[in-house]
Every structure is written in C-alpha cells, then in structure tokens.
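Here is the structure we will look at.
Bear in mind that the values in this text are calculations on the coordinates, not laboratory data. The model shown is predicted, which means the values in this text are computed figures rather than measured ones. Methodologically, a virtual Cβ is constructed for each residue, glycine included, from the backbone with ideal geometry; neighbour enumeration extends over all protein chains shown.
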Amino acid sequence: MKFKQNISIINALTRITCGFTFLTWAMAKMVKKPWKNQSYIIVVMLSAMKIGEGILRYCPVTDALENRQTLMKNEPKQESESTSSDSY
C-alpha cells in the first residue's frame, strides 16, 4: 500500500506525545484496577493508533477528508431541470 505523508512534523510530534500520555495513563489505571480494564483497552488502542499515525506521519481520516473535498470540487454541477417541470 502506497501512501503519502499528509501531516506536518509538529502535528506528528503532538500525536506521539498525546498518544504516549494517554497510553501511560490507561496502563496505570489497568494495573491499579485490573478487573475494570475493558474501557481502558479502548483508550490503549486509540493511543497506539495515534502513536502510529505520528511515527508514519499519515492519518487516514485526514486523507479521507482531503479526498472528499477534491471529489466535491471536481464533481460537475447538475442543473435542476426536472424539478422545475414537476412544480405544482
């Protein structure tokens, strides 16, 4: 899979920092109360995803939003001729 880096270095460093912060927090909570770890596992997975995005400097959500905006700009405008003839 080919991908192009789509986030800046400052954004990547911020994602890595926040990812490690939340990962450390969730792991500390999981060690303190291991019987209540289901909600903390989600935080761990999201934190790991943010760390990976920062290391690779690629965010799939940003890529999807950028592709959506380019598709919306390139889409030809359709005239509403059918709606004018259907008016009552």
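Taking amide H atoms as placed 1.01 Å from N in the peptide plane, the amide H of I7 lies under 5 Å from those of C59, each 5 or more residues away in sequence or on another chain. Of the peptides 58-68, 14-24, 44-54, the order by per-residue mean of other Cβ atoms within 10 Å, starting with the highest, comes out as 44-54, 14-24, 58-68.
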